[in-house]
Each structure stands twice: as C-alpha cells, then as structure tokens.
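Right, one structure below, let's go through it.
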Amino acid sequence: MSRSHWKMVAAQFIKFNLIGLLNTAIDFLIFTLLIWFGTYYLLAQLLAYSAGMINSLVLNNRYTFGKGEAASKHSLDLKMSGRFLVWNSILLGISLLLLATLTNWWGMEAVLAKALVTVTTVGLNFYGSKKWVFVSKEPQVE
C-alpha cells in the first residue's frame, strides 16, 4: 500500500477518534446522568449509546469517510445507514455483555466498567466502520 493511502487512513483514524471523543462525551454524560437519576445501568447504556450512535452516523458520514460536502447536499444513504445500525447494534451487544460481566460478575463500579468497555470497543468500531459501514463505490476524498 502506498504512503498516500496510509496518510489517508491515519487522517480518517484521527477524525474518527475526534468524533468518537464527542460521541463518548455524549454517551458518558447521558449514562452518568441516567445512573445519577436511578436508571438501571443496562437501560442507561442503551439510551446513552444510542445518542452517541446518532451523532456518530451523521458526523462520520459527513467528515470522516470521504463524503465531504456531498454529504451535506444528500440525505444519508439508506443501505449505509442500515449497515451502520447493524454494526452498532453488534457493538452495543458486545458493550452490554462486557458491562454486565464487569459489574455483575466482577463487582466493578458501573462508570469505571463503562470506561473499560469504551476503550475495548473503539478499535472494533473504527475497523468495522471503515471496512463495512462507510464503504462507497465513489473515490474517497482525502
């Protein structure tokens, strides 16, 4: 693979993670608030993850994976949105399983367990997003 390809992948990874930081902030804020208000932690995870997921779909489609200005002129592609939903549902399932394992079986505090689960799923999310969710037949813009 060429050097320019690796530069593009590195730039995408940086954008993906910057957007991911925002998604994570949204996710953690909502999760923490819901826990503080007494919401069951798995329901809190579902709601908080969903809010971050919506933000991720919009911003990664527009800025990370080569859609650029074209994304602002067109609605989200239905097929891509479906792949996004499937992939993030899989990641949500993994995160719920890990969260339940860390809190119920290992006795870890919910917010700390959430932090560990988040670190675990970041790499999986980038790989799946790049290779399957946001694939396009159009050339990517660097």
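Work out how much length residue 105 to residue 3 would gain on full extension: take 0.36 nm times their residue separation and subtract the Cα-Cα distance, in nm to one decimal.
32.1 nm
Considering the options 44, 95, 127, tell which one lies farthest towards the positive end of the dipole of the chain, charges being +1 on Lys and Arg and -1 on Asp and Glu at the Cβ, about the Cα centre.
127
Given Cβ point charges of +1 (Lys, Arg) and -1 (Asp, Glu) and nothing else, what value in debye, to the nearest 20, does the dipole of the chain about its Cα centre take? Don't jump to the answer; show the numbers that get you there.
Numbers: 12 positive and 6 negative charges, 101 e Å.
Here the size comes out at about 480 debye.
Say each of residue 40 and residue 63 gets a label point 7 Å from the Cα, pointing the same way as Cα to Cβ; how far apart are those two points in nm?
Placing both labels 7 Å beyond Cα along the Cβ direction yields 3.6 nm.
Give me the distance in nm between label points sitting 7 Å out from Cα along the Cα-to-Cβ direction at residue 79 and residue 14, one decimal.
My value for the distance between the label points is 3.2 nm.
Using alpha carbons only, how many degrees (0 to 90, rounded to 10) separate the axis of helix 78-100 from the longest principal axis of the chain?
30 degrees
Mean-square fluctuation check for the chain, GNM, Cα pairs under 10 Å: which of 111, 86, 119 is largest?
Of 111, 86, 119, the most mobile in the Gaussian network model is 119.
In the calculated pair distance distribution of the chain, what percentage of Cα-Cα distances lie above 23 Å? Display every interim value, and only then the final one.
Numbers: 3724 of 10011 pairs.
Result for the distance tail: 37 percent.
Relative to the longest principal axis of the chain, what angle (0 to 90°, nearest 10) does the C-alpha long axis of helix 110-128 take?
Orientation of helix 110-128: about 20 degrees from the principal axis.
Once label points are set 7 Å from the Cα along Cα→Cβ at both residue 127 and residue 94, what is their separation, rounded to one decimal in nm?
Each label point is offset 7 Å from its Cα along the Cβ direction, giving 0.7 nm.
Read-outs throughout are calculated quantities, based only on the coordinates presented, and are distinct from any laboratory measurement. Everything numeric in this text was worked out from a predicted model, so none of it was measured. Positions of Cβ are backbone-derived with ideal geometry, glycine not excepted, and every protein chain shown enters the neighbour counts.
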